Amino acid sequence: METLSFHGKFWNELMNMKKKRILSGLQPSGKLHIGNYFGMMKRMIKYQDENDLFCFIANYHALTTKPDKFQLHSNTFNAVCDFLALGIDPEKSTFWIQSDLPQVTELSWILSSFTTVSIMDRSTSYKDKVAQGIKANMGLYSYPILMASDILLYDSEIVPVGKDQKQHLEIARNIASKFNRYFGEVLKLPKPEIEPRNQLIPGTNGQKMSKSYKNIIPIFDDEKNIKSQIMKIKTDTADINAPKNKDSTLFKIYSLFLDSNEQIELASRYDNPGLRYGDIKNELFERIMEYFHPYRVRRDDFQSNPSKVKEILAIGASKASSVANLVMERVRKAIGIKLNL
Ligand code: TRP
């Protein structure tokens, strides 16, 4: 009996040791599209099976661009339903809304004293947003500090991100190292993980798929709209009997839904005479609807059950808090904010 429980304990510890804490956040920015899904969510949701996945909806970050009370509210609820429908399992992972943990803004303030203005001035995403015409405000400017706080508050080890977020990860690491240089190993340095294959999912016009470029293929929209977006995918005017370009948007998007054999098959259709882009688009539409069908059913269920969603989020926030509180204790003690009386 004694040995058995000893072994049991040992085994559990071994298992916990192996589990890496992976963290990611997604802004509630409107309609979820296949770029979000293949760029990040699919991979991330898989992590929950073997790792300690922490995943949240970054609603404070969403506040930095366009304040709209009703839109933020509905986008946040929609994003939660999207994640749950696509398979985030609140039993296996920790899933919450960013603003449900006030600790994150507390840490953000503390970290801002360890962030040089020069590193912030180098932030390309801030410059891009301002260039796009978004009014520069301090929230937008400090965005990377809040993101660093998101990451460091939970002792995150790995942060899977798209290429566009790589610099934010570097800023988070920079802030953490500076903090640790003053106070010792208080904050855990996160590692980025950049997906090599589907790094950039092209949108219907060939640019990176993004809501701001108006080139998305949504996942949970009505069928008609999904179809009309697919029909918009830019193709060339090659003759029907000419070999077609496989390094093209339509081919790339379709490939996301194909296994390797099917990709080879599609490639050979592209090489041979008689291929019509319209047929390929119709097939792609069918494929997309089939692929996401089970998720659409689940999503409807969550959408019509807000009290269930609320309960799931409360559990997530409390799990996240139990980690955040420990880290904040460490931080407050380390910097001398907490009086030892
Ligand atoms: N900035 C990220 C994005 O726009 C969202 C985000 C906020 C995030 N906090 C994070 C991602 C922490 C990873 C880790 O996609």
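The values are calculated or read from the model by the stated rules, or taken from the named source; none is laboratory data. Remember, predicted model here, so these are calculated numbers, not experimental data. Please note: Cβ atoms are built from the backbone with ideal geometry, for glycine as well, and neighbour counts cover all protein chains shown. Side chains included, ligands, DNA and RNA excluded: accessible areas come from the protein's heavy atoms. Shrake-Rupley method; radii C 1.70, N 1.55, O 1.52, S 1.80 Å.
See the values below:
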quantity	calculated
Phe70 paired with Asp247, simple spin-label distance in nm, labels 7 Å along Cα-to-beta-carbon	4.7 nm
Low-density loop cleavage sites - GluC sites (Glu not before Pro) in the stretch 139-185, where at most 15 other Cβ are within 10 Å (DSSP)	Glu185
Filter on Lys135/Lys234; Lys66/Lys214; Lys310/Lys338; Lys46/Lys319; Lys127/Lys234 - keep pairs with C-alpha separation over 25 Å	Lys135/Lys234; Lys310/Lys338; Lys127/Lys234
Those trypsin sites (Lys or Arg not before Pro) in the stretch 32-96 that DSSP places in a loop and that have at most 16 other beta carbons within 10 Å	Lys92
Between the stretch 219-292 and the stretch 47-115, the Cα center-to-center distance that results, in Å	34 Å
Of all accessible heavy-atom area on the stretch 69-115, the percent that carbon and sulfur account for (1.4 Å)	57 percent
Those GluC sites (Glu not before Pro) in the stretch 32-127 that DSSP places in a loop and that have at most 11 other beta carbons within 10 Å	Glu91
Cα-only radius of gyration and Dmax that characterise the stretch 186-272, units Å	16.5, 64
Environment charge of Met328, counting only residues whose C-beta is closer than 11 Å and scoring Lys/Arg +1, Asp/Glu -1	+2
Within-12-Å neighbourhood charge of Ala317 [Cβ basis; K, R +1; D, E -1]	0
Counting all C-alpha pairs of the chain, share separated by more than 31 Å (%)	41 percent
Separation in nanometres of the label points that stand 7 Å from Cα toward Cβ, at Lys19 and Ser118	4.2 nm
Rounded accessible area per residue of the chain, 1.4 Å, Å²	53 Å²
Prolate/oblate/rounded label for the stretch 131-190 (Cα gyration tensor, a/c 1.5)	prolate
